[in-house]
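Before any comments, here is the structure.
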Amino acid sequence: MGFIEENEKERRSFVHKWAEYVRTHSDKDWSKQQNVIINSGLRSAFTTREQFFRMKGEKNYVKY
């Protein structure tokens, strides 16, 4: 199985697991988790290159 097929298989598996979780847990439980994911994505979208490398612990990096 190639990379694309394996990736699709993993994505489908995740979707099925998440759908099961949503069906078996309260809205309050799973919405808290979604909030964490969304807020994390928004924070990283507004991260500068310098902040990113600092966060990774890299002191020397090439500026373009």
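The values are calculated or read from the model by the stated rules, or taken from the named source; none is laboratory data. Just so you know, these numbers come straight off a predicted model, no measurement behind them. So basically every Cβ, Gly included, is an ideal-geometry build from the backbone, and we count neighbours across all protein chains shown.
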Could you say whether any residue in segment 38-45 is at pLDDT 90 or above, surrounded by fewer than 10 Cβ atoms within 10 Å (Cβ to Cβ) and among the hydrophobic types (A, V, I, L, M, F, W, C)? no
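With the structure loaded, tell me whether Ile4 is exposed (fewer than 10 other Cβ atoms within 10 Å of the Cβ), of a type outside the set (Ser, Thr, Tyr), out of contact with any His (no Cβ under 7 Å at 6 or more places or on another chain) and part of a helix (DSSP H, G or I) or whether it fails that test. Give the derivation first.
On the way: exposed (fewer than 10 other Cβ atoms within 10 Å of the Cβ): yes; of a type outside the set (Ser, Thr, Tyr): yes; out of contact with any His (no Cβ under 7 Å at 6 or more places or on another chain): yes; part of a helix (DSSP H, G or I): yes.
When the stated conditions are applied, Ile4 passes them.
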